[in-house]
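A short write-up of the structure that comes next.
The values are calculated or read from the model by the stated rules, or taken from the named source; none is laboratory data. Since the model is a prediction, treat every value here as computed from it, not as a measurement. Here the Cβ positions follow ideal geometry from the backbone for every residue, glycine too, while neighbour counts run over all protein chains shown. Note: accessible area is taken over every heavy atom of the protein model, side chains too, but ligands, DNA and RNA are not part of it. Shrake-Rupley method; radii C 1.70, N 1.55, O 1.52, S 1.80 Å.
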Amino acid sequence: MITIHFERPELPAWAHELRLPWMKMCYPGEHNPWPGSRTIGRWPLGDGVEQDYIMRGGEGAREYFWAMQDVYARAPWIHAWEGPNEPY
């Protein structure tokens, strides 16, 4: 499926009018700008930080998950969260 991916926390005015089955958003806030859509969330921590989690395999995945709990709790409307990505 093709959809729109927003990389910044502040959305352009026209973005709130979109009604697509899925959206992707970095730095999602507490309020769902697309109530009729399912949203994939991502909260980038920076390449070096994420690379460290990736290189530690399962242990890093568990640490990442627990480190992100506050972020996940602030945006309960997110349907799926993307973890660290783009390993070297």
| said: Restricting to the stretch 1-36, and then to whatever is open to solvent by less than 80 Å² (accessible area, probe 1.4 Å) and among the aliphatic types (A, V, I, L, M), can you tell me which residue is nearest to residue 75 (Cα to Cα)? | reply: 25
| Considering only the stretch 60-88, how many residues are free of Cβ contacts under 8 Å to residues at least 24 places away in the same chain and surrounded by fewer than 10 Cβ atoms within 10 Å (Cβ to Cβ)? | 5
| note | Within the stretch 37-48, restricting to residues that are over 15 Å from residue 80 (Cβ atoms) and either basic (Lys, Arg) or free of Cβ contacts under 8 Å to residues at least 12 places away in the same chain (or both), the one that is surrounded by the most Cβ atoms within 10 Å (Cβ to Cβ) is 46
